[in-house]
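The values are calculated or read from the model by the stated rules, or taken from the named source; none is laboratory data. Not measured: the values here are computed from a predicted model. Note that we place each Cβ from the backbone using ideal geometry, even for glycine, and neighbour counts take in every protein chain shown. The accessibility values were calculated without ligands, DNA or RNA, using every heavy atom of the protein model including side chains. Shrake-Rupley method; radii C 1.70, N 1.55, O 1.52, S 1.80 Å.
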Amino acid sequence: MRTPRAALCALTLLALSAGCGAGPTTAAAPAAPRGEGAFPAQVVNCGRSVQVDSPPKRIVSFFPSNTELLLALGVKDRLAGQVWADQSPPKPTYAADYAGVKVLSGGEVSRETLLAARPDFILADGEYNFDGKKLPTIAELAELGVPVYVDAAFCPGTTGSATLADVGRDLDALGGLLGVPGQAAGAKRDVTRALDGLRRRLDGRAPVRTAMVQVFDRQLYGLAGGLYSDILRVAGGANVLDGRVPAGKNFDVVSVEAVAKADPETIVYHYTDEADRASAEKWLREHLGQTKAVRNGRLVATPAADYSGLRAVDGVQTIARALHPDVF
(Lines give C-alpha, C1' and ligand atoms only; values in the text may rest on other atoms or scores of the structure.)
Protein backbone atom coordinates (compact mmCIF):
# COMPACT_ATOMS: atom_id res chain seq x y z
CA MET A 1 0.00 0.00 0.00
CA ARG A 2 1.27 3.46 -0.94
CA THR A 3 4.50 1.63 -1.61
CA PRO A 4 5.64 -0.05 -4.82
CA ARG A 5 2.14 -1.56 -5.18
CA ALA A 6 0.67 1.92 -5.26
CA ALA A 7 3.27 3.06 -7.76
CA LEU A 8 2.55 0.11 -10.03
CA CYS A 9 -1.17 0.76 -9.84
CA ALA A 10 -0.69 4.38 -10.80
CA LEU A 11 1.38 3.44 -13.83
CA THR A 12 -1.12 0.76 -14.82
CA LEU A 13 -4.10 3.07 -14.53
CA LEU A 14 -2.46 5.72 -16.65
CA ALA A 15 -2.12 3.17 -19.42
CA LEU A 16 -5.78 2.15 -19.40
CA SER A 17 -8.62 3.74 -21.28
CA ALA A 18 -11.49 5.10 -19.22
CA GLY A 19 -14.15 2.58 -18.33
CA CYS A 20 -17.76 3.08 -19.28
CA GLY A 21 -19.52 1.51 -16.31
CA ALA A 22 -23.03 2.48 -15.42
CA GLY A 23 -23.88 4.48 -12.34
CA PRO A 24 -25.20 3.00 -9.12
CA THR A 25 -28.35 0.91 -9.47
CA THR A 26 -31.63 1.80 -7.85
CA ALA A 27 -32.09 -1.55 -6.12
CA ALA A 28 -33.46 -1.34 -2.62
CA ALA A 29 -30.85 -0.75 0.07
CA PRO A 30 -31.03 -2.02 3.64
CA ALA A 31 -32.65 0.15 6.24
CA ALA A 32 -30.48 2.99 7.48
CA PRO A 33 -28.50 2.06 10.56
CA ARG A 34 -29.13 3.79 13.82
CA GLY A 35 -26.16 6.08 14.28
CA GLU A 36 -24.99 8.28 17.12
CA GLY A 37 -23.84 11.83 16.73
CA ALA A 38 -25.09 14.66 14.57
CA PHE A 39 -25.94 14.46 10.87
CA PRO A 40 -25.19 15.69 8.34
CA ALA A 41 -21.55 15.11 9.35
CA GLN A 42 -18.65 16.77 7.60
CA VAL A 43 -14.84 16.63 7.85
CA VAL A 44 -11.91 17.92 5.80
CA ASN A 45 -9.80 15.11 4.37
CA CYS A 46 -6.83 15.58 2.00
CA GLY A 47 -7.96 19.16 1.50
CA ARG A 48 -11.49 18.15 0.46
CA SER A 49 -14.78 18.31 2.27
CA VAL A 50 -16.26 14.87 2.96
CA GLN A 51 -19.91 14.96 4.00
CA VAL A 52 -22.55 12.37 4.75
CA ASP A 53 -26.18 13.21 5.39
CA SER A 54 -26.86 10.07 7.43
CA PRO A 55 -24.81 7.09 8.65
CA PRO A 56 -23.51 5.19 5.60
CA LYS A 57 -25.02 1.76 5.17
CA ARG A 58 -23.08 0.34 2.19
CA ILE A 59 -19.39 0.94 2.91
CA VAL A 60 -16.60 -0.31 0.65
CA SER A 61 -13.12 -0.63 2.11
CA PHE A 62 -9.85 -0.44 0.18
CA PHE A 63 -7.03 -2.39 1.86
CA PRO A 64 -7.08 -4.94 4.72
CA SER A 65 -6.12 -2.50 7.47
CA ASN A 66 -9.13 -0.33 6.60
CA THR A 67 -11.44 -3.33 6.59
CA GLU A 68 -10.20 -4.27 10.06
CA LEU A 69 -10.59 -0.69 11.30
CA LEU A 70 -14.22 -0.72 10.20
CA LEU A 71 -14.75 -4.05 11.93
CA ALA A 72 -13.24 -2.59 15.09
CA LEU A 73 -15.71 0.31 14.87
CA GLY A 74 -18.59 -2.15 14.89
CA VAL A 75 -19.95 -1.56 11.38
CA LYS A 76 -19.54 -5.12 10.08
CA ASP A 77 -23.17 -5.28 8.95
CA ARG A 78 -22.68 -2.14 6.86
CA LEU A 79 -19.72 -3.39 4.83
CA ALA A 80 -20.73 -3.92 1.20
CA GLY A 81 -17.32 -5.14 0.10
CA GLN A 82 -13.56 -4.89 0.22
CA VAL A 83 -10.85 -4.20 -2.37
CA TRP A 84 -7.11 -5.07 -2.35
CA ALA A 85 -8.11 -7.86 0.02
CA ASP A 86 -5.08 -10.01 -0.83
CA GLN A 87 -2.48 -7.49 0.28
CA SER A 88 -2.02 -8.88 3.79
CA PRO A 89 -3.33 -11.74 5.90
CA PRO A 90 -5.95 -10.52 8.40
CA LYS A 91 -5.09 -10.07 12.04
CA PRO A 92 -6.33 -13.16 13.94
CA THR A 93 -8.66 -11.03 16.06
CA TYR A 94 -10.63 -10.06 12.96
CA ALA A 95 -10.08 -13.13 10.77
CA ALA A 96 -13.60 -14.57 11.10
CA ASP A 97 -15.39 -11.28 10.48
CA TYR A 98 -12.91 -10.37 7.74
CA ALA A 99 -13.72 -13.58 5.90
CA GLY A 100 -17.39 -12.61 5.98
CA VAL A 101 -16.84 -9.35 4.09
CA LYS A 102 -17.52 -9.74 0.38
CA VAL A 103 -14.35 -9.49 -1.71
CA LEU A 104 -14.95 -7.22 -4.68
CA SER A 105 -11.36 -7.74 -5.80
CA GLY A 106 -8.19 -9.22 -4.38
CA GLY A 107 -6.29 -6.46 -6.20
CA GLU A 108 -7.46 -3.42 -8.12
CA VAL A 109 -11.18 -3.28 -8.82
CA SER A 110 -13.04 -2.36 -11.99
CA ARG A 111 -15.44 0.56 -12.25
CA GLU A 112 -18.32 -1.80 -12.99
CA THR A 113 -17.66 -4.03 -9.99
CA LEU A 114 -17.24 -1.13 -7.61
CA LEU A 115 -20.43 0.64 -8.68
CA ALA A 116 -22.38 -2.63 -8.76
CA ALA A 117 -21.75 -2.88 -5.01
CA ARG A 118 -23.83 0.32 -4.66
CA PRO A 119 -21.47 1.96 -2.14
CA ASP A 120 -22.57 5.04 -0.25
CA PHE A 121 -19.15 5.53 1.37
CA ILE A 122 -15.59 4.46 0.53
CA LEU A 123 -12.70 4.24 2.96
CA ALA A 124 -9.58 4.25 0.78
CA ASP A 125 -5.87 3.70 1.27
CA GLY A 126 -4.86 6.43 -1.17
CA GLU A 127 -5.99 8.71 -3.96
CA TYR A 128 -4.09 6.66 -6.55
CA ASN A 129 -7.12 4.35 -6.84
CA PHE A 130 -9.29 7.07 -8.39
CA ASP A 131 -7.65 8.52 -11.51
CA GLY A 132 -10.78 8.86 -13.66
CA LYS A 133 -9.79 6.02 -15.97
CA LYS A 134 -10.28 2.60 -14.44
CA LEU A 135 -12.22 4.13 -11.55
CA PRO A 136 -14.07 7.45 -11.31
CA THR A 137 -12.26 10.33 -9.67
CA ILE A 138 -13.09 11.20 -6.08
CA ALA A 139 -14.99 14.25 -7.35
CA GLU A 140 -16.97 12.10 -9.80
CA LEU A 141 -17.87 9.66 -7.04
CA ALA A 142 -19.02 12.54 -4.86
CA GLU A 143 -21.35 13.60 -7.68
CA LEU A 144 -22.74 10.05 -7.65
CA GLY A 145 -23.39 10.36 -3.93
CA VAL A 146 -20.38 8.27 -2.88
CA PRO A 147 -18.06 10.23 -0.57
CA VAL A 148 -14.49 8.96 -0.28
CA TYR A 149 -12.36 9.25 2.85
CA VAL A 150 -8.61 8.60 2.41
CA ASP A 151 -6.26 7.53 5.20
CA ALA A 152 -4.89 10.81 6.55
CA ALA A 153 -1.31 9.55 6.63
CA PHE A 154 -1.41 8.97 2.87
CA CYS A 155 -2.94 12.20 1.62
CA PRO A 156 -0.67 13.38 -1.22
CA GLY A 157 0.16 16.69 0.45
CA THR A 158 1.24 15.17 3.77
CA THR A 159 2.63 11.75 2.83
CA GLY A 160 6.20 12.75 3.62
CA SER A 161 5.35 14.29 7.01
CA ALA A 162 2.64 11.99 8.38
CA THR A 163 2.96 10.43 11.83
CA LEU A 164 1.15 7.93 14.01
CA ALA A 165 -1.00 10.83 15.25
CA ASP A 166 -2.88 10.51 11.97
CA VAL A 167 -4.40 7.26 13.24
CA GLY A 168 -6.21 9.27 15.91
CA ARG A 169 -7.31 11.85 13.35
CA ASP A 170 -8.85 9.11 11.21
CA LEU A 171 -10.66 7.65 14.20
CA ASP A 172 -12.09 11.05 15.14
CA ALA A 173 -13.24 11.69 11.57
CA LEU A 174 -14.71 8.23 10.97
CA GLY A 175 -16.45 8.20 14.32
CA GLY A 176 -18.43 11.24 13.21
CA LEU A 177 -18.96 10.23 9.59
CA LEU A 178 -20.12 6.71 10.41
CA GLY A 179 -22.13 7.62 13.50
CA VAL A 180 -19.98 5.63 15.92
CA PRO A 181 -18.18 8.26 18.03
CA GLY A 182 -18.19 6.07 21.13
CA GLN A 183 -16.48 3.15 19.41
CA ALA A 184 -13.99 5.49 17.74
CA ALA A 185 -13.14 7.19 21.04
CA GLY A 186 -12.59 3.81 22.68
CA ALA A 187 -10.29 2.68 19.86
CA LYS A 188 -8.35 5.93 20.10
CA ARG A 189 -7.85 5.44 23.82
CA ASP A 190 -6.54 1.94 23.19
CA VAL A 191 -4.06 3.25 20.60
CA THR A 192 -2.85 6.00 22.94
CA ARG A 193 -2.47 3.56 25.83
CA ALA A 194 -0.50 1.06 23.73
CA LEU A 195 1.86 3.65 22.25
CA ASP A 196 2.42 5.43 25.57
CA GLY A 197 3.26 2.10 27.19
CA LEU A 198 5.71 1.31 24.42
CA ARG A 199 7.42 4.68 24.74
CA ARG A 200 7.85 4.18 28.48
CA ARG A 201 9.29 0.71 27.94
CA LEU A 202 11.83 2.00 25.39
CA ASP A 203 12.71 5.20 27.24
CA GLY A 204 16.47 5.70 27.24
CA ARG A 205 17.20 2.96 24.73
CA ALA A 206 19.63 3.83 21.93
CA PRO A 207 17.88 3.71 18.53
CA VAL A 208 18.81 0.78 16.33
CA ARG A 209 19.98 1.69 12.83
CA THR A 210 17.34 0.14 10.60
CA ALA A 211 16.41 0.06 6.91
CA MET A 212 12.75 -0.37 6.03
CA VAL A 213 12.31 -1.78 2.52
CA GLN A 214 10.09 -3.68 0.15
CA VAL A 215 11.17 -5.98 -2.67
CA PHE A 216 8.78 -5.66 -5.58
CA ASP A 217 9.22 -7.10 -9.06
CA ARG A 218 12.93 -7.75 -8.34
CA GLN A 219 13.43 -4.10 -7.43
CA LEU A 220 14.38 -2.71 -4.01
CA TYR A 221 12.32 0.16 -2.61
CA GLY A 222 13.21 2.21 0.44
CA LEU A 223 10.37 3.14 2.77
CA ALA A 224 11.34 6.32 4.56
CA GLY A 225 9.78 9.57 5.67
CA GLY A 226 6.24 10.09 6.84
CA LEU A 227 4.50 7.31 8.72
CA TYR A 228 7.13 4.68 7.96
CA SER A 229 9.96 6.55 9.65
CA ASP A 230 7.72 7.62 12.53
CA ILE A 231 6.79 3.99 13.18
CA LEU A 232 10.50 3.14 13.31
CA ARG A 233 11.21 6.03 15.70
CA VAL A 234 8.46 4.99 18.11
CA ALA A 235 9.66 1.37 17.87
CA GLY A 236 13.15 2.41 18.97
CA GLY A 237 14.81 2.56 15.58
CA ALA A 238 16.40 5.13 13.27
CA ASN A 239 15.72 4.82 9.56
CA VAL A 240 19.05 4.81 7.71
CA LEU A 241 17.19 5.56 4.48
CA ASP A 242 15.87 8.93 5.66
CA GLY A 243 17.10 11.48 3.14
CA ARG A 244 17.31 8.90 0.35
CA VAL A 245 13.62 9.31 -0.51
CA PRO A 246 12.59 12.59 -2.19
CA ALA A 247 10.97 15.18 0.04
CA GLY A 248 7.21 14.80 0.21
CA LYS A 249 7.31 11.07 -0.57
CA ASN A 250 7.56 8.01 1.66
CA PHE A 251 9.03 5.47 -0.77
CA ASP A 252 11.31 5.35 -3.77
CA VAL A 253 13.64 3.01 -5.59
CA VAL A 254 16.96 2.60 -3.77
CA SER A 255 20.07 0.85 -4.94
CA VAL A 256 21.49 -2.23 -3.29
CA GLU A 257 24.77 -0.33 -3.05
CA ALA A 258 23.17 2.53 -1.10
CA VAL A 259 21.62 0.17 1.45
CA ALA A 260 24.83 -1.84 1.71
CA LYS A 261 26.82 1.36 2.32
CA ALA A 262 24.38 2.40 5.07
CA ASP A 263 24.98 -1.05 6.61
CA PRO A 264 21.84 -1.24 8.78
CA GLU A 265 21.85 -3.34 11.92
CA THR A 266 18.32 -4.52 11.11
CA ILE A 267 16.28 -4.68 7.92
CA VAL A 268 12.49 -4.54 8.17
CA TYR A 269 10.69 -5.65 5.04
CA HIS A 270 7.04 -5.75 4.00
CA TYR A 271 5.22 -8.72 2.53
CA THR A 272 1.72 -9.48 1.26
CA ASP A 273 1.53 -13.25 1.71
CA GLU A 274 3.80 -16.13 2.69
CA ALA A 275 5.09 -16.63 -0.85
CA ASP A 276 6.01 -12.95 -1.06
CA ARG A 277 7.63 -13.16 2.36
CA ALA A 278 9.82 -16.10 1.38
CA SER A 279 10.88 -14.63 -1.95
CA ALA A 280 11.67 -11.23 -0.41
CA GLU A 281 13.81 -12.78 2.29
CA LYS A 282 15.68 -14.84 -0.28
CA TRP A 283 16.30 -11.74 -2.41
CA LEU A 284 17.57 -9.75 0.56
CA ARG A 285 19.92 -12.52 1.65
CA GLU A 286 21.32 -12.83 -1.85
CA HIS A 287 21.76 -9.11 -2.51
CA LEU A 288 22.48 -7.65 0.95
CA GLY A 289 24.36 -10.52 2.54
CA GLN A 290 27.28 -8.24 3.39
CA THR A 291 25.22 -6.07 5.76
CA LYS A 292 25.24 -6.45 9.54
CA ALA A 293 21.49 -7.11 9.39
CA VAL A 294 21.79 -10.19 7.19
CA ARG A 295 25.00 -11.47 8.75
CA ASN A 296 23.45 -11.34 12.22
CA GLY A 297 20.07 -12.74 11.21
CA ARG A 298 18.25 -9.44 11.77
CA LEU A 299 15.65 -9.58 8.99
CA VAL A 300 12.20 -8.66 10.27
CA ALA A 301 9.15 -9.49 8.11
CA THR A 302 6.01 -7.43 8.62
CA PRO A 303 2.64 -7.62 6.80
CA ALA A 304 2.03 -4.67 4.48
CA ALA A 305 -1.17 -3.85 6.37
CA ASP A 306 0.79 -3.11 9.56
CA TYR A 307 1.40 0.48 8.51
CA SER A 308 -1.98 2.20 8.68
CA GLY A 309 -5.07 2.38 10.82
CA LEU A 310 -5.17 0.34 13.99
CA ARG A 311 -2.74 -2.12 12.42
CA ALA A 312 -0.02 0.53 12.69
CA VAL A 313 0.08 -0.23 16.41
CA ASP A 314 0.80 -3.87 15.56
CA GLY A 315 3.56 -2.76 13.22
CA VAL A 316 5.19 -0.62 15.90
CA GLN A 317 5.05 -3.39 18.48
CA THR A 318 6.37 -6.05 16.12
CA ILE A 319 9.35 -3.91 15.18
CA ALA A 320 10.01 -2.80 18.78
CA ARG A 321 10.20 -6.43 19.92
CA ALA A 322 12.62 -7.22 17.13
CA LEU A 323 14.84 -4.19 17.78
CA HIS A 324 14.82 -4.39 21.58
CA PRO A 325 13.95 -7.97 22.57
CA ASP A 326 15.53 -7.64 26.00
CA VAL A 327 12.90 -5.19 27.25
CA PHE A 328 9.94 -7.44 26.44
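Listed values, structure above:
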{"item": "Positive minus negative residues near Lys292 (Lys, Arg vs Asp, Glu; Cβ under 13 Å)", "result": "+2"}
{"item": "P(r) tail fraction, the stretch 71-133 - alpha-carbon pairs more than 20 Å apart, %", "result": "26"}
{"item": "Solvent-accessible area of Tyr94 with every protein chain in place, 1.4 Å probe, in Å² to the nearest 10", "result": "50"}
{"item": "Angle in degrees between helix 274-287 and the longest Cα principal axis of the chain, rounded to the nearest 10", "result": "30"}
{"item": "Rg [Å, one decimal], Dmax [Å, integer] - the chain, C-alpha atoms", "result": "19.8, 61"}
{"item": "Gained length - Asp53 relative to Ala95, 0.36 nm times residue gap less alpha-carbon distance", "result": "12.0 nm"}
{"item": "The stretch 187-328 - Debye-derived log10 I(q)/I(0), Cα point model, q = 0.15, 0.19 Å⁻¹", "result": "-0.70, -1.12"}
{"item": "Given charges at Cβ of Lys, Arg, Asp, Glu: the stretch 142-200 dipole, positive-most of Gly186, Ala153, Val167", "result": "Gly186"}
{"item": "Extension gain, Val44 back to Val256 (0.36 nm per residue minus Cα-Cα distance, nm)", "result": "72.3 nm"}
{"item": "Inter-probe distance in nm under a simple model that places probes 7 Å from Cα toward Cβ, at Asp326 and Asn296", "result": "1.1"}
{"item": "Surface accessible to a 1.4 Å probe, Lys282 within the full protein complex, Å²", "result": "130"}
{"item": "Value of relative contact order over the chain, rounded to a whole percent, pairs C-alpha under 8 Å and six or more apart", "result": "18"}
{"item": "Residues Glu274 and Thr113, FRET efficiency given R0 of 35 Å [Cβ-Cβ distance, rounded to 0.05]", "result": "0.85"}
{"item": "Neighbour net charge for Arg201 - beta-carbon separation under 13 angstrom, K R +1, D E -1", "result": "+2"}
{"item": "Acute angle (nearest 10 degrees) that the helix 4-14 long axis makes with the longest principal axis of the chain, alpha-carbon atoms", "result": "50"}
{"item": "Whether the stretch 77-180 is rounded, prolate or oblate, judged on the alpha carbon gyration tensor where a/c under 1.5 counts as rounded", "result": "rounded"}
{"item": "Neighbourhood net charge (10 Å Cβ-Cβ; Lys/Arg +1, Asp/Glu -1) for Tyr94", "result": "+1"}
{"item": "Alpha-carbon spread of the stretch 195-242, three principal axes, descending order, Å", "result": "39, 18, 14"}
{"item": "Asp276 accessible area, 1.4 Å probe, all protein chains in place, Å² to nearest 10", "result": "30"}
{"item": "Cα-based shape type of the stretch 264-305, given that a ≥ b ≥ c are square roots of the gyration tensor eigenvalues and the cut on a/c is 1.5", "result": "oblate"}
{"item": "Normalised contact order of the stretch 107-250, rounded percent, pairs of Cα under 8 Å and 6 or more residues apart", "result": "20"}
